[in-house]
Every structure is written in C-alpha cells, then in structure tokens.
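The values are calculated or read from the model by the stated rules, or taken from the named source; none is laboratory data. These figures come from a predicted structure and were not determined experimentally. Note: ideal-geometry Cβ built from the backbone for every residue, glycine included; neighbour counts use all protein chains shown.
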Amino acid sequence: MDQIWLFIAIAIGIVSVGVAIWLYNWVMRQDPGTEKAQEVASWIQEGARSYLAKLYRALTLVAVALGIIIAIVFSFDVSGATSGVEAYPLRGIFTALAFIFGALCSAVAGYMGMSIAVQANVRSATAANKDLNTAFRVAFYAGSVMGLAMVGLAVIGMSTIYLLTKDPEIVLGFSFGASLLALLAKAGGGIYTKTADIAADLVGKVEVGIPEDDPRNPAVVADNVGDNVGDVAGMGADIFDSYVASAVAVMLLGASFADKALAAKYIVFPLVVCMLGGLASLIGIQFVRVGKNGKPGDALNRGTIITCILLAALMVPMIFIGDYNIGVLWATLIGITTGVIIGFTSEYFTSEEFKPVKETAKVSGSGSAITIITGFSYGLVSIVPSIVGIVIATLASYYVTEAAGLPGIYGIGVAAVGMLSVSGMIVSADAYGPIVDNARGIAEMAGMDQHVIETADILDSAGNTAKAITKGFSISAAALTVLALFAAYAEVVQARGVELTISLRDPLVVAGVLLGAMTPPLFSALTMLSVTHNAFDMIEEIRRQFREDPGILAGTSKPDYVTCVGLAAQGALSSLVIPAFLAVGLPILVGLVLGPNPLGGFLGGAIFTGVIFALLMANAGGLWDNSKKYIETGQFGGPGSEAHKAAVVGDTVGDPFKDTAGPSLNTLITVMSLVASLFAPIIAMFHLF
C-alpha cells in the first residue's frame, strides 16, 4: 500500500505541473496591450531574466561544489561507538544527486513563476481597462502557475527519491538543496527589490515629488524587476523549501519508530498529506472569483478556506483507507486550523480595513518618528497571537498523538505538514501580489487611463495583505518544522552512539544557545545593511541623472534605467557570501568545535529568536506599506501631504523588514536545522573518536 501511495502522489504531482503549464498558456493568450505597455513590460522582463541568469549561474557553482563535498563526506558512516567507520560510496553519491536535484526543482519552480509573472503583469494591466474581475483572474491564474508547479515538483521529487532509495536521509539531501537555494534566492531577491524600492521612493516621492511608478524615475524599472526576483522567484523558492523540509522532518521521525513495518507506513504518511493538499489546491483554485462587491481580498481568503476544508474532507477517508492511527488525523487538522488562524491574524495587523493600519496612518501627520514607533509597536504586538497559536498547535498536536499511541513529536511534525500542505493555494495568492504591483507600475509608466491605475491599486492592496498572510503561514509552519527537525537531529545523533543531553546547566550548551540566538539578528542586520549600502549607491545615481540631465524631470529625455538595474543586481549578488556562511558553515562549526549537545542548544536559540524576528518584521513591514497606501486613497491629506511623506519614510523602513530580512529568517532557521540533521552523523563520528 505504501508504494501505491507513492505512485499516486507522483501522478497527482504530474497533474499539478500539467495544470500549471495549461494556465501558463492561458495567460499568454491574453491581450498584452498597447505597444507602449509592451515596451515597458519588456524592460522589466529583460531585467528579471538577466538577474536570475546571473544568480542561477552562481548558485550552480555552489550546488556542484557542495554536491562534491556531500558525495565524499556521506560515503562514510558510523553506526555506533564500537562498530567503527564504514564506507557507503553509493549512499554519498545518491545524497549528492538528491541535493542537486532539490536545488534544481526549487530553481525551476521559481523560474516558472517569474517567467509568467513578467508576462502577466502587462496583461493584467490591460485587462484592468475592461473590469476588475478580468484583471484579477489574469493575475491570480498567473500566480497559480508557480503555486501548482512548486507543489507538483516537490511531491514528484520527494516521492521519486524515496521510491528509489527507501532512505529518508537521502530525501533530506533533496530538502537541503531546495533550502539552500531558497535562502540565497530569497535573500538576494529581497536585497535587490528593496534596494530599488527604497531608492525610488526616497528620491522620487520625497525629494522631487513624483508618483511611485513615474517613468521619469531612473530606478522605477529596477523596482518592478525586484518585485519579480524577490517576491515571485524568491518567495516561491522559500515556500518550496518549507514545504519539503516539513515533510522530510516527519519522514525522519517516522524512520525512528522501533517497529520497522510501522516505520515504513509513517515515513510515507507526510507525502500522502502533501499529495492530498496538492489535490485540494487544484480544486480550491477554481473557487477564487471576485464577487459583485469587487473585493479581491475576500476572493483570496475564500479560496484559502475552501482549500483547507477540502483537505480536511479528503484526509478522513484516507486515514481509514490507509489504516493510519487516528492521532495523525487530529494533528493534521490542528495544523490546518492553526495556519488559517495565524494567517488571518497577520491580515488584522496589515490590512487597511483594521485598526493598526488606520491608526498608523492617522498618526503619520505627526511625523515619521511617530509613524515608525507606532508601526514597530504593532509589529511587536502581532507576535503574540502567532506565538500563542504555535504554542497551542505544538501542545495539542503532541498530546493528541501521544494519546493515540504514537510519539508526540511526530504529531508536531504532522501539524507543520498539514499547515503547509495547502501551499499550492497559498503560493498562488502570494505570487498574485507582485504581479498586480507590477501591473499598477506598467499602467502608470505606459500612461494608461486613471481608472486603470485605480483598479490596479485595489488589486495591489489585496496583494499586500495576501503576502502578509503567506508570511504568517510560512513563519508559523517553519517554527513547527524546525521543532520536528530538532527532534530528527536528536534521533540521528543518538542512532550513531552519542547520548544527547541538552541542559542549561552545561556551560557549553548555554554557549550554543547564545550563539544560536545571536544568528537571526545578525543575519537580519547583514541583509538590511546590504540594502542600505546598495540603496545609497542607487540614490546617488538617481540624483546624478536628475542633476546632469534636467530633461528627465521635464519629460523631454529618457532616464538611464539599465545602470540602476545593474547596480541592484551586482549589490544583491555580492551581499550573499556572509549570510550563506551563517546558514551552512556556522552550525557545522559549532557542532565540530563544541559538540552535539551545544549544537542542539544552538538550534534552540536560533529557532526562538528567528521566529520572533520573522513575525515582527513581516507584520510591521506590511503594516507600514498599507498605511502609506491608505493615505494615498485620500485619507489624512492624501498624496503629497505631511502624513504621506511620513508614511513613505515608514514604508521605506518596513521594506527591508518585510521583503528582505523577515521572510528570509524562516528559511535561515530551516537551513540551519537541515544542516545539523544532515551532518549529524559526521559530527557524531567526530566526537566519538
């Protein structure tokens, strides 16, 4: 039966990718608009493809080099204190190939999403000339290309590797490849997009008083390119990473069951849940329609809720058909429910329909300092419901699974899988956001009618909230995933003959905790400093162009967009070296120098501060952004007012919060946990002899 589930999972994965390709072709058949609109869109397309080509070339070298190291290192193993070291060359080669395959699948999913996004933006803007519903459908179906491709490739990859090797630790290599690429793609894309966004806003809106997407701004094309490489390709890789890591963590925990027949069944279980989540997403996407009230946000929320209900309905017969313990059903349902609640909590703190955004917009009339303090404070408050939700999900899933006769930690991992199993729908809604953001930019740059820009603004506001909900999902799921990975790390270490005892009375463990707690804040600082350094260079370039060619602002000459695009790309790529070392090198260094117990403390410290910082940054950044947009609708003085200028400053502070550091942190803690689990046999062997 286990093999049958795997074949069904692969089949549904293929269907998911097939539907993604069909939607890709459907979007491409839509009207691309006027010659001017197509010209503007071509600038964005060229910039996005150029950056991703450079990024993926660099990442290919990294993947191949790490693949060779993994092939060598994992050709040896130690199974106990007295057994010595044994050679397993094929295991090393398979792990390396799985690692490269994971990175490749993550890159393909991100590239597919980015490719259609840069085609859909102009088509969505053109459709907005007809009506909001048509424009929404073009943008959402384009977002669905990445959502369905990501889920399909992930399920196909994990199922195929396990079917061929029957070894969850080799599937862990697949997850590590996906996670490493996701971290670098998301951090690099985030640095790129916020470099351009901050420079364009500060010089354009604040200094010279031109609109956000005015074609006279030399950074405007780089800004729109950044939406695609950061919020589409980067976020797609990020969710792909979380999705795969949660499933692999549960597979590893299932492999630790003493009863081998039972272990085989529960290794496959997370893949079955992912399969059903993919099927539910395929169906749920069909229900995303803008109703008569014309609220895109309601349509996206409705699609998410329907998808979650469908998954719950599909889970019940599957549990009985597969003869699974009822505890895993409850754990899955707990994960689904918690994900929805946490996601909509993020909406409360980031949507212009609720108090936090409105109050922040209101106080902006008192200056940027009050704007920043208010937004930051609400960001801190927003941590509370999410953390409470994570705590409840952790305890509830642990104890219901224990009560049903399975290890409680397995239930925590299953809850994370349940939360992320609807990623097909979640990513579709998330990718919709940057597409409509670009559509709004193209509408303004191409000189489309005002009602088109206003329609795009409505779509864009819902997109910002959708992105905040997605980040709430992914951060919360990452918290549960890394807890499961932490347990998997313990199992792997102990299986190699090292007794793991993590006690705060051990000074080495305390040292590990402090080093781990330090890492997410340091990572955040490095990525945000990269943004500010690069933005400074771009601001000087924009000022130079305005100073040397007055015809740019007069509208009689064209800005040099290419230089700004090049500055953003070069700055992003050169800023990834140290963050990559923190994610991969530091856990290995701590494990080899201090030992397995301090490494466990290191992971714990990183998990706690990583989740806190990620929630704060994602929600505060989204709040500042929508406060600015709320004022731009005419509230509190409207565009050009003192409140608007203060809100722009708040949004500028929030940009690297929500799109660079914040969403990269959940990937950071996932990567560090995967590195610890993957290299646990080597670390254990190093401290045995």
Quiz item: Can A415 be described as among the hydrophobic types (A, V, I, L, M, F, W, C) and touching a Leu at 6+ places or on another chain (Cβ under 6 Å)?
Solution: yes
Practice problem: Grab the helices (runs of 4 or more DSSP H) fully contained in the stretch 523-582, keeping just those with 2 or more residues being loosely packed, with under 15 Cβ neighbours inside 10 Å and free of Cβ contacts under 8 Å to residues at least 24 places away in the same chain. | Solution: 551-554
Quiz item: For the stretch 125-132, does any single residue satisfy the condition of being more than 25 Å from V268 (Cα to Cα), modelled with pLDDT of 85 or more, touching a Pro at 6+ places or on another chain (Cβ under 9 Å) and in a helix (DSSP H, G or I)?
Solution: yes
Quiz item: Of all helices (runs of 4 or more DSSP H) completely enclosed by the stretch 194-297, which ones contain at least 1 residues that are among the hydrophobic types (A, V, I, L, M, F, W, C) and surrounded by fewer than 24 Cβ atoms within 10 Å (Cβ to Cβ)?
Solution: 235-255, 260-284
Quiz item: Got at least one residue in the stretch 398-416 being buried (at least 24 other Cβ atoms within 10 Å of the Cβ) and under 18 Å from the mean Cα position of the chain (by Cα)?
Solution: yes
Practice problem: Please find, among G605, G654, G591, the residue that is within 23 Å of L522 (Cβ to Cβ), in contact (Cβ under 8 Å) with a residue 40 or more places away in the chain and surrounded by fewer than 24 Cβ atoms within 10 Å (Cβ to Cβ). | Solution: G605
Quiz item: Residues in the stretch 491-534 that are among the aliphatic types (A, V, I, L, M), out of contact with any Leu (no Cβ under 9 Å at 6 or more places or on another chain) and at pLDDT 85 or above: how many?
Solution: 8
Quiz item: If only one of S281, S242 is at pLDDT 85 or above, over 16 Å from P407 (Cα atoms) and polar (S, T, N, Q), which one is it?
Solution: S281
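Based on what the data block shows, is A107 crowded, with 23+ Cβ neighbours inside 10 Å and closer than 30 Å to E35 by Cα? Break it down stepwise before answering.
Numbers: crowded, with 23+ Cβ neighbours inside 10 Å: yes; closer than 30 Å to E35 by Cα: no.
Spelling it out, it is not the case that A107 is crowded, with 23+ Cβ neighbours inside 10 Å and closer than 30 Å to E35 by Cα.
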Quiz item: Restricting to helices (runs of 4 or more DSSP H) lying wholly in the stretch 589-689: which have 1 or more residues that are among the basic types (K, R)?
Solution: 596-632, 642-656
